[in-house]
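Engineer: Below is one structure. I have some questions about it.
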Amino acid sequence: MSTSKHQKIISSLLATLAALAALCGCNAAVAQDLKGKYVKTSTGYLMVLRNGDNVIANLERLAIEEKIPTASFMGIGFMREATFGFYDFSRKAFDPKTFRNVEVASLTGTIAWKGDKPSIHAHGLVTDASFAGSGGHLLDLTVGTGSSEITIIVHSERFERFVDPAIGANVLGLPGHQ
Amino acid sequence: MSTSKHQKIISSLLATLAALAALCGCNAAVAQDLKGKYVKTSTGYLMVLRNGDNVIANLERLAIEEKIPTASFMGIGFMREATFGFYDFSRKAFDPKTFRNVEVASLTGTIAWKGDKPSIHAHGLVTDASFAGSGGHLLDLTVGTGSSEITIIVHSERFERFVDPAIGANVLGLPGHQ
Amino acid sequence: MSTSKHQKIISSLLATLAALAALCGCNAAVAQDLKGKYVKTSTGYLMVLRNGDNVIANLERLAIEEKIPTASFMGIGFMREATFGFYDFSRKAFDPKTFRNVEVASLTGTIAWKGDKPSIHAHGLVTDASFAGSGGHLLDLTVGTGSSEITIIVHSERFERFVDPAIGANVLGLPGHQ
């Protein structure tokens, strides 16, 4: 085999390797860049949160940044910490319990306002290696070594929560007939 | 201090108190009026139910009043009573169990029709002070000393439930290819 | 009573019976035909699956047939088998558990893509005659002697899942700011 033939083969191989490296680098760059926390959809937003992200704080941030009037959401995810509270009417306070490294099997709630601050009302259920479901009224939620996908459906009118004196709890106020 | 100065201070204080009272009265009136059970949204309806409201009855009423062809819904809330049924195929009946003063951590279902009557099919999960989740096929649901927020997504075509003779249970009939 | 009168009554009865039979046959035919697996709605699709249908496979088929860019879904149903997996980070594999003849009290997830194949990410909770809830990350799901109703909300942009090297798990990649 002539030296020129060798050179041709080597240069061809190098070009292929360079192309493969470029392709691989490009794909890695694309995947690494795809860390946006939310995108707009025709019915609202799709949110993807990652390890360490606080779900409630990110929903509040979305409400403020995107000037969401009111919204409903549903979601799933893997959580580092999920804290639920069951309301004790005698103490007028939530008895909290925190679950760690759990799947959120179901997350459902609404985004509304209380004065000029977003007010998130969320319920959910978490499961661990035993698969048993636990949950209720959500007080706090932080994504773990996985992700959380939340679908937000936006409503065009702004509604606020008020404390209903009859029950001493926040209620979403709607106008219109009873 | 002169009498006129006293009078000025007193009259200023009274004006402030009157303003505060007016402000407070106004806010209270607004909050008290915001007891509408549902509002229209761009994708359907947002429903807020209160202490004593029956969830199934209110979804049926919404279906009739708003002439909803078919709809899907999701929700949360605090319930005075939630009754679930697990179907016993040998007896061809639901074995019911009622849970009292529980959070509805998840409520999911559809509104369709059976002849000229709305037909609600709902599943859910409830939790109590132990945070353990229980639920399944919902037979009845009444809001407790809190509220229930339900998001309804309306579909423009009307679909009906039929008893599928192969299983002896109601199934939502859809046209089109299998 | 004359023979002609008898004949009239009999022929009238036969006509009524024929009409009733036709009516009954017609209704039965309609109900039997209503076995479509999904219909288009203004926000996406409504899916009804039946005894023996695999939920994940049907969502994948929908994604391909209808060229769904990305979607979110929620649902309920009665399942012959529901298999959940809890991720063991040390083994880098799911520990699976299968539940049989259970209600799906809650099903939530997303449809996205991984290359040219649809990628379904679903979480859920199931309950049995004890009403206790179990679930988490869904690995497989097959409808039992009942049905499953799933509401799909379609988003117009296509998103893909990537393995996030930091956690070794699939994550839905979104463009845009963090």
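Engineer: Per residue of the range C:158-174, in order, report the coupling 6.51 cos²θ - 1.76 cosθ + 1.60 (Karplus, θ = phi - 60°) as ³J(HN,Hα) in whole Hz, putting x for Gly and Pro.
Structural biologist: In residue order, the calculated couplings are 8, 10, 10, 8, 10, 6, 7, x, 5, 10, x, 10, 5, 9, 6, x, 10 Hz.
Engineer: Summing Lys, Arg as +1 and Asp, Glu as -1, what charge do residues with Cβ under 12 Å from the Cβ of A:His123 carry, A:His123 excluded?
Structural biologist: Surrounding charge for A:His123 is -2.
Engineer: So which trypsin sites (Lys or Arg not before Pro) in the range B:87-178 end up in coil per DSSP with only 14 or fewer other C-beta atoms within 10 Å?
Structural biologist: Values: sites: B:Arg91, B:Lys92, B:Lys97, B:Arg100, B:Lys114, B:Arg158, B:Arg161; in loops: B:Arg91, B:Lys92, B:Arg158.
Listed in order of number, the matching sites are B:Arg91, B:Lys92, B:Arg158.
Engineer: Then there's this: If R0 is 25 Å, what FRET efficiency do you get for A:Ser90 and A:Lys117 from their C-beta distance, rounded to 0.05?
Structural biologist: That pair, A:Ser90 with A:Lys117, gives E of 0.30.
Engineer: Ok, one more. Using 16 Å as the cut-off for backbone N distance, which residues of the range B:67-88 belong to the label zone defined by a point 7 Å from the Cα of B:Glu60 along Cα→Cβ?
Structural biologist: Hits in the range B:67-88 for B:Glu60 at 16 Å: B:67-68, B:83.
Engineer: Treating the point 7 Å from Cα along Cα-beta-carbon as the label, what are the nm separations from C:Ala57 to the other copies, to one decimal?
Structural biologist: The projected label point of C:Ala57 is separated from its counterparts by 4.5, 4.5 nm.
Engineer: Pick out, in residue order, every one of the trypsin sites (Lys or Arg not before Pro) in the range C:49-79 that is DSSP loop and has at most 13 other C-beta atoms within 10 Å; say none if there are none.
Structural biologist: Sites meeting the loop and neighbour criteria: C:Lys67.
Engineer: Taking the label point as lying 7 angstrom from Cα along the Cα-to-Cβ axis, what are the distances from C:Ser156 to the corresponding position in the remaining copies, in ascending order and in nanometres?
Structural biologist: 1.6, 1.6
Engineer: Let me know the mean shielding of B:113-120 by other chains, meaning the per-residue number of their Cβ atoms within 10 Å of its Cβ.
Structural biologist: 0
Engineer: For the range B:59-178, just say rounded, prolate or oblate: build the C-alpha gyration tensor, square-root its eigenvalues into a ≥ b ≥ c, call rounded for a/c under 1.5, and beyond that prolate if a/b exceeds b/c, oblate if not.
Structural biologist: oblate
Engineer: Among the listed pairs B:Lys35/C:Lys40; A:Lys117/C:Lys40; A:Lys35/C:Lys67; B:Lys40/C:Lys35; A:Lys37/A:Lys67, give every one whose C-alpha distance is greater than 27 Å.
Structural biologist: Going by Cα-Cα distance, B:Lys35/C:Lys40; A:Lys117/C:Lys40; B:Lys40/C:Lys35 fall outside the 27 Å limit.
Engineer: On to the next question. I'd like the mean, over residues of A:164-175, of how many other protein chain beta carbons sit within 10 Å of each residue's own Cβ. Please list the in-between numbers first.
Structural biologist: Values: counts 9, 3, 4, 7, 2, 5, 2, 11, 7, 8, 11, 6.
That works out to 6 on average.
Engineer: How well do other chains shield peptide B:139-146, expressed as the mean number of their Cβ atoms within 10 Å of each residue Cβ?
Structural biologist: On the way: counts 0, 0, 0, 0, 0, 1, 7, 9.
The mean count of partner-chain Cβ atoms within 10 Å per residue comes to 2.
Engineer: Obtain the nm distance between the two label points defined at C:Ser42 and C:Arg158 by a simple spin-label model: each point lies 7 Å from its Cα along the Cα-to-C-beta direction.
Structural biologist: 2.8 nm
Engineer: A follow-up question, please. When the Cα centres of the range B:59-118 and the range C:90-114 are compared, how far apart do they sit, in Å?
Structural biologist: 24 Å
Every read-out reported here was derived from the displayed coordinates using simple, explicitly stated rules and does not represent laboratory data. Model, not experiment: these values are computed from the prediction. Neighbour counts run over all protein chains shown; Cβ positions are idealised from the backbone, glycine included.
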